[in-house]
Amino acid sequence: MKSRRKKKNILLRIAVVAFSIYVIVTLVQLRLEINRMETEEVDVLKDKIAEQKRANENLRRQTENLEEYLEQQAREQGWALPGEVILMEIPGIDS
């Protein structure tokens, strides 16, 4: 009977050790996955920060000389200053 009991104890110990190893490996894999995801998220946020800094710099440059910026925007919409004449070329009409 003692040999049976010893075999059961040994099998139980092996099962506990195997389960412990499985749990440890799974936890390590999960931690590595979390680290990878955090790294990716940090990279995305850094890209967004760089993009926002570029946009801020563009706005800063535009507001440094607001008058020129407003004139450029108005001209892009087809507006003219008082006294200016806008000439438009119409395709298909020969002069």
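The values are calculated or read from the model by the stated rules, or taken from the named source; none is laboratory data. These numbers were taken from a predicted model, which means no experiment stands behind them. Cβ atoms come from the backbone with ideal geometry, glycine included; neighbour counts cover every protein chain shown.
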Practice problem: List every residue pair whose Cβ atoms lie under 7 Å apart, where the two residues are 6 or more positions apart in sequence or sit on different chains, the first residue falls within segment 76-95 and is surrounded by 10 or more Cβ atoms within 10 Å (Cβ to Cβ), and the second residue, located anywhere, is assigned to a loop (DSSP other than H, G, I, E, B). | Solution: Ala80/Ile86
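For segment 39-95, what are the residues that are in a loop (DSSP other than H, G, I, E, B) and of a type in the set (Val, Ile, Thr)?
Residues of segment 39-95 that are in a loop (DSSP other than H, G, I, E, B), as a first pass: 65, 77-95.
If the condition is that a residue be in a loop (DSSP other than H, G, I, E, B) and of a type in the set (Val, Ile, Thr), then Val85, Ile86, Ile90, Ile93 are the ones that fit.
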Quiz item: Scanning for something within 34 Å of the chain's Cα centre (by Cα) and in a helix (DSSP H, G or I), does segment 3-17 turn up at least one residue?
Solution: no
Practice problem: Run down Ile49, Ile21, Ile90 and say which single residue is of a type in the set (A, V, I, L, M) and either at pLDDT below 85 or in contact with a helix residue (DSSP H, G or I) (Cβ under 6 Å, 6 or more places away or on another chain) (or both). | Solution: Ile90
Practice problem: May I ask you to verify whether Glu33 is assigned to a helix (DSSP H, G or I), surrounded by 10 or more Cβ atoms within 10 Å (Cβ to Cβ) and of a type outside the set (A, V, I, L, M)? | Solution: yes
